[in-house]
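First comes the structure, then the notes that go with it.
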Amino acid sequence: MVQSGHFGLGVSTMQRSISSLTRNADALAAIWSGGERTDLPYLWLRDNCGCSECRVVQTTEKRFHIYRVPRDLKPGKVSVEHAGSEDEALSIAWPDGHRTRYRSSEIHGLLSLSHIDLRYWDGRFQPTRFDYRRFLASDRAAAELIEEFLRTGVCVLVDAPTEPDSSEQLATRLGPIREVLFERIHNVKVDPKGYNIAHTDLAVAPHNDFTSYTWLPNVQALHMLVNECEGGESIVLDGFGLLEELRSEHPDKFEVLCAVPVPFRIFSDEYECYAVNPMVELDRDGNVRLLRFNTAQMQAVPLSEPRLVEFYAAYHELSRRVNSPGAQVTFRLEGGQILLCAGHRVLHGRKALRSTGRRHLQDAYFEHDNVRNHPRLLRRTGRIRGRQNPSKP
Ligand SMILES: [Fe+2]
Ligand SMILES: [Zn+2]
């Protein structure tokens, strides 16, 4: 199943021409050569002017402020100009003498935001493996990994270092480490003084980390330094895919999970981390943008919650699905391998440890926005080839 998520501005560079323009009360109605209609509000046309008076020339940032023109601004003369080999331009003269020009391809590129196609998966999937050194050394390999990561929310780096804290090196590709309480880079090994279930030899059911933050870390690198332990196989599952199934089969249960606030908490003698939020969050188009699922750290939903019984029916169904083997991908993460998970989407866990062999995992967190923007940077600066967003310099 494929679903789209929003991602930056449009990248269409298709040559489209405007075949007619009509003035309406608040907007120009443009008819494209293919017959489609686009309304171009006058204030939008004035606001997005790209001229050197309206922009900081050095940075292309906007200098124009919308309050400087009347709210009922209307253009004076409007014309479509044809200039040599360039595509045609829409030229607008404003009542104060200012002039704005847009190439029609420029307007076409701003019709909508471009989308990333998310690829949902189930227990039959295996995360794609990428070579660690190539990921750091080659811009093309980095873009390839990140694009796969944006689609599926998961991948594995192999032949990575085994020195503690070497996941700091990932920052050149993934952006700065997102620090949270406890440790900058978290150590996961059996520790009788540990504050987390992962510090025991127990199985850790699929969860995402730090649901006790309202903005939980949304990229997680699980870096295995050494794994000489029996058991402890890694588990991942696609939270978004699972929620879309739940939504289509039980829309009422899905809706309750979006509505009822749930407290999550992780704490130690030194730290306290607590936040209350619904398990599922949607964007304004109704796409799932965030799943919070962490049974170990979930606290009691207050008895005053009016939808408590309904919530439990929904939570039971979600818990059953998360813990169903059909949804889970299981593999062994060896020393020198890094599992990258989109923390808002993919749940991770592990099976119980069955021996006392050495096992040391380190967790580092990053920001999804930084990861997503890295290929855009590589394209914009010509380090990899690809279409440029025409609306951006
Ligand atoms: Fe975890
Ligand atoms: Zn201007």
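The values are calculated or read from the model by the stated rules, or taken from the named source; none is laboratory data. Keep in mind that what you see is a predicted model, and the values were worked out from it rather than measured. Note that each Cβ is placed from the backbone with ideal geometry, even for glycine, and that neighbours are counted across all protein chains shown. Just so you know, the surface numbers come from the protein's heavy atoms only, side chains and all, with ligands and any DNA or RNA stripped out. Shrake-Rupley method; radii C 1.70, N 1.55, O 1.52, S 1.80 Å.
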May I ask you to list the residues in region 218-231 that are of a type outside the set (Val, Ile, Thr) and either within 13 Å of ligand 1 (Cβ to nearest atom) or part of a strand (DSSP E or B) (or both)? Gln220, Ala221, Leu222, His223, Met224, Leu225, Asn227, Gly231
Those residues of region 182-201 which are open to solvent by less than 20 Å² (accessible area, probe 1.4 Å), outside any helix (DSSP H, G or I) and closer than 17 Å to Ala352 by Cα, in sequence order: Val188
Restricted to region 47-57, and to residues that are within 8 Å of ligand 2 (Cβ to nearest atom) and within 17 Å of Pro95 (Cα to Cα), which residue is surrounded by the most Cβ atoms within 10 Å (Cβ to Cβ)? Cys49
Restricting to region 202-228, what's the tally of residues that are open to solvent by 50 Å² or more (accessible area, probe 1.4 Å), in contact with a Lys or Arg (Cβ under 8 Å, 6 or more places away or on another chain) and not aliphatic (A, V, I, L, M)? 1
Suppose we keep only residues that are over 21 Å from Thr22 (Cβ atoms), touching a strand residue (DSSP E or B) at 6+ places or on another chain (Cβ under 9 Å) and more than 16 Å from ligand 2 (Cβ to nearest atom) within region 58-86. Which one would you say is least open to solvent (accessible area, probe 1.4 Å)? Ala83
So which residues in region 30-89 are touching a Leu at 6+ places or on another chain (Cβ under 8 Å) and in a loop (DSSP other than H, G, I, E, B), if there are any at all? Asn48, Val69, Arg71, Leu73, Pro75
Among the residues of region 199-224, write down those that are touching a residue at least 60 places away in the same chain (Cβ under 8 Å) and over 30 Å from Leu377 (Cβ atoms). Asp201, Leu202, Ala203, Val204, Ala205, Pro206, His207, Thr211, Ser212
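One line per residue, one yes/no per condition, for (1) surrounded by 15 or more Cβ atoms within 10 Å (Cβ to Cβ); (2) touching a His at 6+ places or on another chain (Cβ under 7 Å):
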site	(1), (2)
Pro302	no, no
Leu318	yes, no
Ala327	yes, no
Gly343	yes, no
Gln362	yes, yes
Val371	yes, no
